[in-house]
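Engineer: Shown below is the structure under consideration.
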Amino acid sequence: IERKADLKLTDQGDLEGKVTLTFTGLEAMKRRTDERHEDEAEGKKYLEDHIQEYIPATLDVELTNHPEWNNPAGPLVAEFNLKVPGWIAAAGHRALLPVGLFSETEKHVFEHETRVYPIYMEFPFQKVDDVTIEIPPGWKVGSLPPVKDDEGHAVTYMLKVTNDNNRLHVLRKLDVKMLFLDAQYYSALRNFFQDVRTGDEQQIVLQPGAAVASK
């Protein structure tokens, strides 16, 4: 699953822009199979619901293209207009911008402390998020989260945030390469996903423009 976003942050703290969602391989096949008997309107709702599931906030989203549901050889590509109201949080004269825009589906994975049965995955998968956020004129970037790069034999997670002339770039990769894992390794897997949540909850510190900060 590739999720590419080109967004702008408003003075009010909203995120607005375009999102392209691309499913390939078994991820595309699964969704085409799920929707094989549905009409275009239901397919539109299905994909818009996917975006709702990925983002941990209330949002406005609308599918803007016509995905190729009947082409099993190619990727399934969906394009959206997106608005996430109030994405940033005020902290005195600063603003905090969470980096984990598409992190909702990992928030409650493997929360229980113990497990009796082995872990089965439907299939190995990879999620790649490429998010660009343009901050408003007059705003400044205070600090960025450190790079996270957790690599294991069966799972890897990478998060890197950069700033190029007030254009923030967040690159996030989550790779799960296993199908089956014995319960004796559950603790290590649970710790890994706790690290994923910790990484996704990091924030970019911004200094709003003078007109905004004075309100």
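FYI, it's all coordinate maths here, none of it is from the lab. Computed from a prediction, not measured in an experiment: that's the story for all the values here. Ideal geometry is used to build each Cβ from the backbone, glycine not excepted, and the neighbour counts take in all protein chains shown.
Engineer: For a quick size check, give me the Cα extents of region 72-156 along its three principal axes, largest first, whole Å.
Structural biologist: 52, 40, 24
Engineer: Near Lys177, which aspartates and glutamates are there with a Cα under 17 Å away, not counting those fewer than 8 places off in the same chain?
Structural biologist: By straight Cα distance, Lys177 reaches Glu2, Glu27, Glu106, Glu122, Asp149, Asp150, Glu151.
Engineer: With a ≥ b ≥ c the root eigenvalues of the C-alpha gyration tensor of region 127-215, is it rounded (a/c under 1.5), prolate (a/b larger than b/c) or oblate?
Structural biologist: Numbers: a/c = 4.09, a/b = 2.73, b/c = 1.50.
Prolate shape, in that a/c is at least 1.5 and a/b is the bigger ratio.
Engineer: In a shell of Cβ-Cβ distance under 12 Å around Thr105, excluding Thr105 itself, what net charge do Lys and Arg (+1) and Asp and Glu (-1) give? Mind showing how you got there, number by number?
Structural biologist: Working: positive: Arg3, Lys107, Lys127, Arg197; negative: Glu53, Glu104, Glu106, Asp129, Asp200.
With Lys, Arg at +1 and Asp, Glu at -1, the neighbours total -1.
Engineer: Of all the C-alpha pairs in the chain, what % are more than 25 Å from each other?
Structural biologist: On the way: 10478 of 23005 pairs.
Across the chain, Cα pairs with separations above 25 Å total 46 percent.
Engineer: Per the Debye formula with a single identical scatterer at each Cα and no solvent contribution, what log10 I(q)/I(0) holds for region 86-134 at q = 0.18, 0.19, 0.26, 0.27 Å⁻¹?
Structural biologist: The Debye formula, applied to the Cα set alone, gives -0.83, -0.88, -1.17, -1.20.
Engineer: Using DSSP, restrict attention to beta bridges with both residues in the chain and report what percent are antiparallel, rounded to the nearest 5. Show your work: numbers first, answer last.
Structural biologist: Details: 56 of 63 bridges.
Here the antiparallel bridges make up roughly 90 percent for the chain.
Engineer: Further, regarding this structure: Which distance in Å, rounded to a whole number, links the C-alpha centroids of region 7-43 and region 124-146?
Structural biologist: 20
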